[in-house]
Ligand SMILES: CC(C)(COP(=O)(O)OP(=O)(O)OC[C@H]1O[C@@H](n2cnc3c(N)ncnc32)[C@H](O)[C@@H]1OP(=O)(O)O)[C@@H](O)C(=O)NCCC(=O)NCCS
């Protein structure tokens, strides 16, 4: 008798992002961003006291690059998402949600007032993710992102934390 094939459920661990992850997250950023940040740029950001982030790594793949990460900055009660990315091979497994949730938990613990972000107005997956958390649009920057396909606008979104 042939047994049915059940794909194994993937298991991911959430970790605090460290300077040591800088080189590993740069290729992940490069998968999707027109102007990717280098490992050096990530490490300069992570050196700053106001910057923090989280990574998700597939359990059992400890030495490999994270499957996703988020970087945020908190200063004077206001926070911003600097960037978030989940590797294409790991999308739609709830990792973007877990990363944003981790940032929000940290911001609540720090008693932050609001979280802002900018997102390309054509980036439907990211906008859907942010709306699910309750972000709403507070501004628009026309022709903000330039790519070979032309210019697109940025939505500025805000989430009240208090
Ligand atoms: C945006 C991104 C981080 C989402 O990561 P993800 O791990 O695939 O997202 P999740 O599986 O946690 O999805 C959470 C919710 O986001 C929304 N979402 C995510 N991907 C989506 C898609 N392709 N289409 C529509 N909605 C989507 C859904 O509401 C989803 O909830 P659901 O699964 O219950 O429908 C990922 O697509 C990514 O890295 N994109 C490239 C980088 C990027 O655009 N970053 C944002 C820059 S501002």
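Of note:
- Here the contact order of segment 95-162, divided by its residue count and restricted to Cα pairs under 8 Å and six or more residues apart, works out to 39 percent.
- Fewest-first ranking of 43, 38, using other Cβ atoms within 10 Å as the exposure measure: 38, 43
- With Cα atoms, 0 to 90° folded angle of helix 95-109 axis to the chain main axis: 50
- Taking 0.36 nm per residue of separation and subtracting the current Cα-Cα distance, fully stretching the chain between residue 9 and residue 97 would add 30.0 nm.
- Highest-MSF residue in the chain out of 117, 71, 16 [GNM, Cα springs under 10 Å]: 16
- With the largest listed first and rounded to whole Å, the semi-axes of the equivalent ellipsoid of segment 85-145 from the Cα gyration tensor are 20, 19, 9.
- Relative contact order of segment 18-80, pairs being alpha-carbon contacts under 8 Å that are 6 or more residues apart, as %: 29
- Between residue 16 and residue 148, the distance separating the two model label sites (each 7 Å from Cα on the Cα→Cβ line) works out to 4.1 nm.
- Legend: translational diffusion of segment 12-160 by Stokes-Einstein, Rh = Kirkwood radius over C-alpha pairs, 37 °C, 0.692 mPa s; D = 208 µm²/s.
- Taking all Cα pairs closer than 8 Å and separated by 6 or more residues, the relative contact order of the chain comes to 17 percent.
- If R0 equals 30 Å, the separation of the Cβ atoms of residue 128 and residue 47 corresponds to a calculated FRET efficiency of about 0.35.
Since every read-out is calculated from the coordinates, none of them should be taken as a lab result. Just so it is clear, the model here is predicted, and its values are computed rather than measured. Cβ sites come from the backbone with ideal geometry, for glycine too, and all protein chains shown count toward neighbours.
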